[in-house]
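Since the structure comes first, as C-alpha cells, the remarks are kept for the end.
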Amino acid sequence: MQSGNQAEHPLTPELFFEMLNGHQRTAALQAAIELDLFRAIGEGPGDAASLARQCSASERGIRVLCDFLTIKGLLVKEDGHYRHSPTSAAFLDPRSPACLAPTAQFLLNPKMMEVYDHLAEIVRNGHTSLPGDGNVEPDNPIWVQFAKTMVPMMAPVAGPLAVIALDGHNGPAHVLDIAAGHGLFGIAIAKQNPQARITGLDWAPVLEVALENARQAGVQDRYSTLPGSAFDVDFGGPYDTVLLTNFLHHFDHPTNVALLKKVRAALKPGGRAVTLEFVPNEDRVSPPMSAGFSMVMLTTTPAGDAYTFKELAAMYTEAGFTNITETPVPRSPETAVVGRA
C-alpha cells in the first residue's frame with residue numbers, strides 16, 4: 001500500500017535523466033555566451049528571427065537553444081519572444097556590471113573539464129588525473145586566466161572581506177596577500193584604509209594582472225609584489241594581516257599547518273590570518289555550493305578538499321593561532337576564518 005506522499009508524488013526516474021543529461025546545461029550556457037545571445041536578448045526585440053540575425057546563427061538553432069534556456073529558467077518566453085529572467089539580466093547580459101560571463105572561460109577551461117572524463121579513475125585513486133600537482137603545479141598558466149576572468153565573481157566579495165580583515169583598523173598597516181591572483185582583496189583593503197600597504201604574493205605572470213588592477217584602482221603606489229611560491233619565498237614582514245583567499249583548499253591538513261606556521265611567524269604579535277574558503281557544514285553535504293566544492297578539489301588536486309570550520313580551526317590551532325572565528329561573507333557563498341597570532 002502506497003503512503004500518501006508516494007501517491008501524491010509517484011517515484012519517477014526524472015533525477016536520473018537530469019543528472020545523465022547535465023552536460024547539456026553546461027554546453028547550452030557556453031554556446032549562448034559564445035554567440036553573445038544574452039546581449040541580443042537584452043537589446044530586443046527577442047523573436048527567434050531577430051536573435052538569429054543578431055547572433056549570426058540559424059533561426060532553428062536559436063529557437064531550440066532559447067527554448068532550452070527557458071525550460072531551465074534562464075530566459076522567459078512570451079508570445080514567441082524571449083526576454084531575460086532576473087538571473088540572466090543580472091549575471092549574463094554583458095551590459096550588466098555584475099555580468100559573470102567572463103568567468104566561464106576559467107570554469108570551462110578544457111583542462112578543468114576533461115578530468116570528469118576520468119572521474120571513476122579519480123575516485124579509485126583518490127586524487128586528480130592531471131599530471132604532477134594538478135592545478136597547483138608551479139607556474140600553471142591557468143592562474144593567469146583565473147586572475148583575468150574571475151574579477152566579476154570576486155569583486156562583490158572583496159569589499160565585505162576587507163571590512164572583516166581590517167576589523168575597524170584605519171591606521172598604518174602592512175598586509176600580505178598570499179595567492180593574490182587578481183589582487184582584488186588586497187586592493188579593497190588599500191581602498192578602505194589609505195594607510196595600508198599591500199604585498200601581493202603569486203607567480204610573476206599572475207602578479208602582472210594584480211598590478212594592473214591596482215593601477216586601475218589608484219593604489220599602485222601602495223601595492224608591491226613578491227613573486228614565487230608561498231611555500232618557498234621569504235615572506236618578510238612583520239605584517240599586521242595575512243590574507244589566504246581560496247588557497248588552503250588546494251592542500252592537505254599537514255601542508256596547510258606548515259604554511260600557517262610560516263604565516264604566523266611573519267605576523268606581528270596579535271596579527272591576523274584571514275582565510276576565505278568554501279566551508280561546508282559538519283554533515284559535508286550542505287550548503288550545496290560549499291559542500292559541492294570538494295568535487296572540484298578531488299578532480300583537480302592531489303589532496304585538496306572543502307574543509308569544515310572545525311577542520312580549519314584545528315589547522316589554525318596546530319599552527320599556534322588563537323581566537324579563531326568564522327564569519328559568513330555577505331554576497332558570497334564563502335566564509336572568512338580569522339585567527340590571531
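When the criteria are applied in full, Gln105 meets the requirement of being open to solvent by 60 Å² or more (accessible area, probe 1.4 Å) and at pLDDT below 95. The criterion of at least 2 residues that are surrounded by 13 or more Cβ atoms within 10 Å (Cβ to Cβ) is met, among helices (runs of 4 or more DSSP H) falling completely within region 1-96, by 22-34, 37-43, 48-55, 59-71, 86-91. Restricting region 300-341 to residues that are farther than 19 Å from Asn256 by Cα and touching a helix residue (DSSP H, G or I) at 6+ places or on another chain (Cβ under 6 Å) leaves a set whose member that is least open to solvent (accessible area, probe 1.4 Å) is Val329. Considering region 156-173, the residues that are of a type in the set (A, V, I, L, M) and within 17 Å of Glu326 (Cα to Cα) include one that is most open to solvent (accessible area, probe 1.4 Å), namely Val163. Of all the numbered requirements in (1) buried (at least 24 other Cβ atoms within 10 Å of the Cβ); (2) out of contact with any strand residue (DSSP E or B) (no Cβ under 6 Å at 6 or more places or on another chain); (3) outside any helix (DSSP H, G or I), Val242 misses one, and that requirement is (2). For beta carbons closer than 6 Å, sequence separation of 6+ or different chains, a first residue in region 322-334 that is of a type in the set (Val, Ile, Thr) and a second that is open to solvent by 90 Å² or more (accessible area, probe 1.4 Å) and in a loop (DSSP other than H, G, I, E, B), there are no qualifying pairs. Going through (1) touching a helix residue (DSSP H, G or I) at 6+ places or on another chain (Cβ under 8 Å); (2) surrounded by fewer than 20 Cβ atoms within 10 Å (Cβ to Cβ); (3) in a strand (DSSP E or B) one by one, Leu276 falls short only on (2). Is it true that Gly236 is touching a strand residue (DSSP E or B) at 6+ places or on another chain (Cβ under 9 Å), surrounded by 14 or more Cβ atoms within 10 Å (Cβ to Cβ) and on the phi > 0 side of the Ramachandran plot? The answer is no for Gly236.
The values are calculated or read from the model by the stated rules, or taken from the named source; none is laboratory data. Fair warning: this is a prediction, and the values are worked out from it, not measured in the lab. Neighbour counts run over all protein chains shown; Cβ positions are idealised from the backbone, glycine included. Calculation scope for accessible area: heavy atoms of the full protein, side chains included, ligands and nucleic acids excluded. Shrake-Rupley method; radii C 1.70, N 1.55, O 1.52, S 1.80 Å.
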